[in-house]
Amino acid sequence: MTAAALILCCAHSTTFAEGDGSPLHDKMEQMGKALHAVTKQLGDSSKKETTLALIAKLRTNAAAARELTPTKVKTIPEKNRAEFMADYKAAMDDLISQIDRLAIAVKENKPEAQQAALKEIGETKQDSHVTYRSKQKEHSTESSPGEKRNGEHSSKEREDD
């Protein structure tokens, strides 16, 4: 599977973080929509300017999400919350750097660098969702039909219960 296909698959899931209506969920959902659109048109030089605008939207929402608090912090022992939040912010900083690398690769018309940046973004998204998303929300993830990742989550969650 190409990095673009992986990102497109991952970006299609509409539940990214917290409960419906939370500010973090809203930012993550906006990021997902922008990433999905970027992935669909990446490599089409006639859409370079719209791709860059979408990447800017992705970055703006990532920067805003960095300043929000995941609801999972409520499940973390008080003594570990500061470390949890520092790690969350560092993960968001990494994501923002990856988004910046994607923008540079698009500006410079470097398809391999674009694919590498997309792959990094997808990996960061998956890793961060495992670490920072409330487990309770994972039970109600929306997905496209046949998306294996959510089915695998359900199996793991049953094993954990």
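If you go through the stretch 91-101 and keep only what is touching a helix residue (DSSP H, G or I) at 6+ places or on another chain (Cβ under 8 Å), free of Cβ contacts under 8 Å to residues at least 40 places away in the same chain and either not basic (Lys, Arg) or not in a helix (DSSP H, G or I) (or both), you end up with MET92, ASP93, ASP94, LEU95, ILE96, GLN98. For the stretch 69-90, taking the residues that are open to solvent by 50 Å² or more (accessible area, probe 1.4 Å) and either of a type in the set (Phe, Trp, Tyr) or in a loop (DSSP other than H, G, I, E, B) (or both), the one that is nearest to HIS25 (Cα to Cα) is identified as THR69. Among all positions in the stretch 36-46, there is no residue which is of a type in the set (Val, Ile, Thr) and surrounded by fewer than 16 Cβ atoms within 10 Å (Cβ to Cβ). In this structure, is ILE104 in contact (Cβ under 8 Å) with a residue 40 or more places away in the chain and either buried (at least 17 other Cβ atoms within 10 Å of the Cβ) or over 17 Å from the mean Cα position of the chain (by Cα) (or both)? No; evaluated as a whole, the condition is false for this residue. Annotation note: Cβ proximity below 6 Å between a residue of the stretch 113-130 that is without any contact (Cβ under 8 Å) to a residue 40 or more places away in the chain and a residue that is open to solvent by less than 60 Å² (accessible area, probe 1.4 Å) and polar (S, T, N, Q) (sequence gap 6+ or interchain) occurs for ALA117/GLN98; GLU120/GLN98. Kindly check whether there is at least one residue in the stretch 9-28 that is part of a helix (DSSP H, G or I), under 22 Å from ASN109 (Cβ atoms) and either open to solvent by 20 Å² or more (accessible area, probe 1.4 Å) or modelled with pLDDT under 95 (or both). Looking through the stretch 9-28, none of the residues is part of a helix (DSSP H, G or I), under 22 Å from ASN109 (Cβ atoms) and either open to solvent by 20 Å² or more (accessible area, probe 1.4 Å) or modelled with pLDDT under 95 (or both). Of the residues ASP127, ASP161, ASP94, the single one that is within 19 Å of LEU35 (Cα to Cα), at pLDDT below 95 and open to solvent by 80 Å² or more (accessible area, probe 1.4 Å) is ASP127.
Across the stretch 47-56, the number of residues qualifying as basic (Lys, Arg) and buried (at least 17 other Cβ atoms within 10 Å of the Cβ) comes to 1.
When ASN61 is tested against (1) open to solvent by less than 30 Å² (accessible area, probe 1.4 Å); (2) within 15 Å of GLN114 (Cα to Cα); (3) of a type in the set (S, T, N, Q), just one condition goes unmet, and that condition is (2).
The values are calculated or read from the model by the stated rules, or taken from the named source; none is laboratory data. Since the structure is predicted, the reported quantities are computational estimates derived from the model, not experimental observations. Reconstructed Cβ throughout: ideal geometry from the backbone, glycine too, with neighbour counts over all protein chains shown. Side chains are part of the model used for accessible areas, which takes the heavy atoms of the whole protein and leaves out ligands, DNA and RNA. Shrake-Rupley method; radii C 1.70, N 1.55, O 1.52, S 1.80 Å.
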